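Trainee: Structure in structure tokens, see below.
The values are calculated or read from the model by the stated rules, or taken from the named source; none is laboratory data. What you see is a predicted model, and the numbers here were worked out from it, not measured in a lab. Neighbour counts run over all protein chains shown; Cβ positions are idealised from the backbone, glycine included.
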Amino acid sequence: MKKTLVALIIVNAVTASTAFAAADTGTWYAGGKFGWSHYFDTSNSKNGGNSSSTDFDFNHDNVGGGVYTGYQITPWLAVEGGYDYLGNMGVDGHHGASGAKMKSQGLQLSLKASYGLNDNWDIYGRAGAMGYRAESDISGKNRFETGVRPLVAVGTEYAFNQNLAGRMEYQWVSNVGNENQIGVSSDVSSLNVGLTYRFGQ
């Protein structure tokens, strides 16, 4: 009887200590994020042909954000999807293209793997793909293009209580935009902070 009681106390203590580290298996969560977006490894074309980087100056930084929802498959694995606004990149040309820009947004789907550091704090990684729409306005020409690109993200999540958690995340999307179609292409990285609500805990 004493051994059974001790075993139940230990199991209860372990369960209580890990209750907040991740959402319960078989439940949903949703949240929003806001932060900083950075375009880099930019390539561009001019009038259908390649142009040198000296033809344009790029203002790479802007604000971004999005919303997301996920389903917790196991204590450490979830599937997550959402909408991202990746901000815009200013393009200042040396040949009358001042005020031009490229902007992009997309829908993403990824798998999220988490590792608990303590009772309330996780680190995680995500990998998946984004279906994007990129638009450019260069020299008065408005063009758009769509495609699918890989994405990866790493982040950390802290549970304030059973239902509410905060996160900080770095995300990278490869080669957004088609240089031959809209005149510019760029990798896009994002650094966001977010707030997550967990349902049915």
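Trainee: Does Tyr197 satisfy the condition of being surrounded by fewer than 19 Cβ atoms within 10 Å (Cβ to Cβ) and hydroxyl-bearing (Ser, Thr, Tyr)?
Mentor: Numbers: surrounded by fewer than 19 Cβ atoms within 10 Å (Cβ to Cβ): yes; hydroxyl-bearing (Ser, Thr, Tyr): yes.
The answer is yes for Tyr197.
Trainee: Kindly state which strands (runs of 3 or more DSSP E) lie completely within region 9-113 and contain at least 2 residues that are modelled with pLDDT of 95 or more.
Mentor: Values: elements: 28-46, 56-59, 61-72, 77-93.
Of the strands (runs of 3 or more DSSP E) lying wholly inside region 9-113, those with at least 2 residues that are modelled with pLDDT of 95 or more span 28-46, 61-72, 77-93.
Trainee: Consider Val152 against the criteria (1) under 10 Å from the mean Cα position of the chain (by Cα); (2) surrounded by 15 or more Cβ atoms within 10 Å (Cβ to Cβ): it satisfies all of them except one. Which criterion is unmet?
Mentor: Unmet for Val152, out of (1) under 10 Å from the mean Cα position of the chain (by Cα); (2) surrounded by 15 or more Cβ atoms within 10 Å (Cβ to Cβ): (2).
Trainee: Right, here's the next one. So is Val184 closer than 22 Å to Lys112 by Cα and either at pLDDT 90 or above or crowded, with 22+ Cβ neighbours inside 10 Å (or both) or not?
Mentor: Values: closer than 22 Å to Lys112 by Cα: no; either at pLDDT 90 or above or crowded, with 22+ Cβ neighbours inside 10 Å (or both): yes.
Against the criterion (closer than 22 Å to Lys112 by Cα and either at pLDDT 90 or above or crowded, with 22+ Cβ neighbours inside 10 Å (or both)), Val184 does not qualify.
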